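S.K.: Please find one structure pasted underneath; my questions will follow.
The values are calculated or read from the model by the stated rules, or taken from the named source; none is laboratory data. Being a predicted model, the structure only gives us computed values, none of them experimental. FYI the Cβ positions are ideal-geometry reconstructions off the backbone, even for glycines, and counts take in every protein chain you see. The accessibility values were calculated without ligands, DNA or RNA, using every heavy atom of the protein model including side chains. Shrake-Rupley method; radii C 1.70, N 1.55, O 1.52, S 1.80 Å.
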Amino acid sequence: MRGTFVGMPAFPVAAREAVGDSTLRGNLRHATRTIRDKRARAVAELDDWAALREAGKQIKDHTLRHLDRYLVQVEEAVTAAGGTVHWAADADEANEIVARLVEETGEREVVKVKSMATQEIALNEALEARGIHAYETDLAELIVQLGQDRPSHILVPAIHRNRGEIRDIFRSEMSEWGRPAPENLTDTPAELAEAARLHLREKFLRAKVGISGANFVVAETGTLVVVESEGNGRMCLTLPETLISVVGIEKIVPRWRDLEVFLQTLPRSSTAERMNPYTSMWTGTTDEDGPGTFHLVLLDNGRTDTLADEVGRQALRCIRCSACLNVCPVYERAGGHAYGSVYPGPIGAILSPQLRGTGSEIDASLPYASSLCGACYEVCPVAIDIPEVLVHLRERVVQGGPAVRHGNRVVLKPAKGHAAERAAMRAAQWAFTHPGALRAGQRLASRTRRLHPRTLPGPGRAWSGSRDLPAVPAEPFRDWWQRTHGGKDATK
């Protein structure tokens, strides 16, 4: 996976700055609460939501266990349907493949469907370096691109912008990218949408090459699926003569019938809709409709390494609905940019450190970007136990240990700055395995409780700075039990 956003500090530093931005917090608070309230109502309409959630989990887990077989099946099906399959081990290889394919068409412009995979590998920047202009056509992605900004949400990349800011961006930047914004443009949603539609229409009609990702790839037929709400994706998938789709290898589902589950859970969890307004499916090429040339780039970029982790691999179930972001109290206050990745929020806190490793300061800090409240797990439509993976990755950061990186088994060194934590954990381990010492320590703590400080010293100051230290009881539980029950079970 590509490195972190240039200049991004560790999460605690970036989050502290974001929390001080009252405009950002207001934008996020309004947007996330609106989305999650709508989602809750949409999900409540289904009596079998729990069963659908479990079905999605089982389908994804089955696919990941047999991913080698299904990847070969996808290649065979896509090739039989007239498409060409390319394999990319990492971001550089994927970017080289896409750039070469565009250059072979002789075109210098491409239109893009919203795609997390292409953001992950920084495809736009790679194409720009080769003199190829990539135009985002999703409204929120267009706002981010025009504003020379970074996405801050999986579903709504410009969630950190309000209508006034969007109006100002359109007025000042649209003319540099194509058709300028209408004169006297206001910040009403209808006018902003119309300005974007007029701006993009000339690009749709001119473009000969389209680039997309995919929400799902059906192994048995080689069919790719994109769900969206605006129709820009449908334009990019049908008008250009050449279509290049960059898709992570975890997006595969085995059978066509599996879509029945995900086409119910994804729209309700993401946009709070019963179904997406546009569900586009294509299988290879056809002479009658759509592109005459189709290329599928299957992207690994750390996914095989993640698959090797028995606990962390569940992150690959993710269907990019963003429900976990909308319920996360940390994301609501810090925003997406603080995560230093195109994958923000709870899912980003477990996915990015696995795809990129925990060698950088920001990736080592991401597993701590959570209160472990569990709200993310409760809303996940494929039951990813994000708190479990967060704790697992925290252990990896602090203690190091075996892992798989670039297909090789390695032993990771503990991250810097956690020596005190490791020492505390070793001391706790020793105490819990020596009952006599634990009992003596508990009695000493009880007898000296009046002398205990209100805050912890040294590295513990950061923890107690926002929490009250729990009061030590006047008597340890062991002594109380011995005194009141004589060490016997009171139920007998």
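S.K.: Quick one: what pairs do we get from the range 46-72, first residue closer than 22 Å to R274 by Cβ, second open to solvent by 30 Å² or more (accessible area, probe 1.4 Å) and of a type in the set (A, V, I, L, M), C-beta under 8 Å, 6+ apart or different chains?
M.R.: Qualifying pairs under 8 Å: L52/L46.
S.K.: A follow-up question, please. Please tell me if A129 is of a type in the set (A, V, I, L, M), open to solvent by 30 Å² or more (accessible area, probe 1.4 Å) and without any contact (Cβ under 8 Å) to a residue 24 or more places away in the chain.
M.R.: It is true that A129 is of a type in the set (A, V, I, L, M), open to solvent by 30 Å² or more (accessible area, probe 1.4 Å) and without any contact (Cβ under 8 Å) to a residue 24 or more places away in the chain.
S.K.: While we're here: In the set L325, L266, L351, L299, which member is open to solvent by less than 10 Å² (accessible area, probe 1.4 Å), within 30 Å of E104 (Cβ to Cβ) and either of a type in the set (A, V, I, L, M) or within 16 Å of the chain's Cα centre (by Cα) (or both)?
M.R.: From the options L325, L266, L351, L299, the qualifying one is L299.
S.K.: If we scan the range 463-474, do we find a residue that is surrounded by 13 or more Cβ atoms within 10 Å (Cβ to Cβ), farther than 27 Å from Y368 by Cα and of a type outside the set (K, R)?
M.R.: Within the range 463-474, one or more residues are surrounded by 13 or more Cβ atoms within 10 Å (Cβ to Cβ), farther than 27 Å from Y368 by Cα and of a type outside the set (K, R).
For every residue, the table says whether it meets (1) among the charged types (D, E, K, R); (2) at pLDDT 95 or above; (3) buried (at least 18 other Cβ atoms within 10 Å of the Cβ).
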residue: S360; (1), (2), (3): no, no, yes
residue: L372; (1), (2), (3): no, yes, no
residue: C380; (1), (2), (3): no, yes, yes
residue: I384; (1), (2), (3): no, yes, yes
residue: E388; (1), (2), (3): yes, yes, no
residue: V391; (1), (2), (3): no, yes, no
residue: E395; (1), (2), (3): yes, no, no
residue: Q399; (1), (2), (3): no, no, no
residue: A403; (1), (2), (3): no, no, yes
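S.K.: I've got another one for you. Going residue by residue through the range 62-78, is there one that turns out to be closer than 26 Å to A219 by Cβ, crowded, with 19+ Cβ neighbours inside 10 Å and among the basic types (K, R)?
M.R.: no
S.K.: Check whether at least one residue in the range 311-319 is touching a strand residue (DSSP E or B) at 6+ places or on another chain (Cβ under 8 Å), surrounded by fewer than 18 Cβ atoms within 10 Å (Cβ to Cβ) and farther than 28 Å from K38 by Cα, and report yes or no.
M.R.: No.
S.K.: I want to confirm something. Restricting to the range 228-269 and keeping residues that are at pLDDT 95 or above and small (G, A, S), which single residue is nearest to L298 (Cα to Cα)?
M.R.: G248
S.K.: Among the residues of the range 339-356, are any farther than 22 Å from R161 by Cβ, touching a Gly at 6+ places or on another chain (Cβ under 8 Å), modelled with pLDDT under 95 and β-branched (V, I, T)?
M.R.: no
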